[in-house]
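Working notes for the structure below.
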Amino acid sequence: MKLVNTDLKSFTKHLSNVSLLEYIIEILPKCNIDGPWIAGGSLHRIYRKLPLDESDVDVFFKDRDQLDKFILELNCKAINSTVFKIKTMLVSEWHHTFVITYLDLDIKIQCVNFKYFESIDKLFESFDINLCRIAYNGTNVIYEENALNDINNNQLKFNEGSIFYPSVTLKRLVKYVKMGYNIEDCDLRILTSAFYKIGRAHV
């Protein structure tokens, strides 16, 4: 997988205003080259000039210690902040989900805890849809070389071998088709094959 690095300013240069995500980055604990990383849908949405209030800000981690440190720092920052507060926190086997009140908005920060990743490369390998292979590491935005072209061309492509929960991927497909994305027959066959493999495994 070939990755492209660019700074956040270059990634957002086509926007007429500073994005909400850029403001959120300023109040969250800092991302780092070795994690944590903001990745996936929130970066896709700001690149495509879509509102963030309809999406989570997903944060991924290298290990449990990094997750715990992020959560502790987020709580400490909220306690001492005059600009944002933690409204709710929900812990599940998949995520630690915080709803923060900031700029008169409720923003969902989803700290992924069901799996950890040693690098952004490994994180991207787990993503089922190519246009979501975008991450921020505290300094740069990193993306799979074709991800932005797919977004610009309204083309959704599945990553064969990364569809672990086909029913979840199907829900994502519906969401992105509603955004105006197209999908080729070959990619539909990838999803169909994933459902078939799941069915065979339960026979």
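The values are calculated or read from the model by the stated rules, or taken from the named source; none is laboratory data. Source: prediction; values computed, not measured. Cβ coordinates were reconstructed from backbone atoms using ideal geometry, including for glycine residues, and neighbour counts include every protein chain displayed. Protein only, heavy atoms only, side chains kept; ligands, DNA and RNA dropped before computing areas. Shrake-Rupley method; radii C 1.70, N 1.55, O 1.52, S 1.80 Å.
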* To do: Could you list all residues from the range 97-122 that are within 20 Å of L21 (Cα to Cα), modelled with pLDDT of 95 or more and either outside any strand (DSSP E or B) or in contact with a Pro (Cβ under 7 Å, 6 or more places away or on another chain) (or both)?
  => I120
* Which one of the conditions (1) more than 14 Å from the chain's Cα centre (by Cα); (2) under 24 Å from F117 (Cβ atoms) does Y23 fail to meet, given that it meets all the rest? -> (2)
* Can you find a residue in the range 76-95 that is at pLDDT 95 or above, under 17 Å from the mean Cα position of the chain (by Cα) and either of a type in the set (G, A, S) or in a helix (DSSP H, G or I) (or both)? -> no
* Of all residues in the range 149-203 being modelled with pLDDT under 90, outside any helix (DSSP H, G or I) and open to solvent by 70 Å² or more (accessible area, probe 1.4 Å), the one that is nearest to I129 (Cα to Cα) -> E160
* Structure fact -> Across the range 49-71, the tally of residues that are open to solvent by less than 60 Å² (accessible area, probe 1.4 Å) and in a loop (DSSP other than H, G, I, E, B) stands at 4
* Does the range 4-19 include one or more residues that are of a type in the set (K, R), part of a loop (DSSP other than H, G, I, E, B), more than 25 Å from Y176 (Cα to Cα) and open to solvent by 100 Å² or more (accessible area, probe 1.4 Å)? -> no
* **Of residues in the range 133-149 being out of contact with any strand residue (DSSP E or B) (no Cβ under 7 Å at 6 or more places or on another chain) and of a type outside the set (V, I, T), the one nearest to K30 (Cα to Cα)** => G138
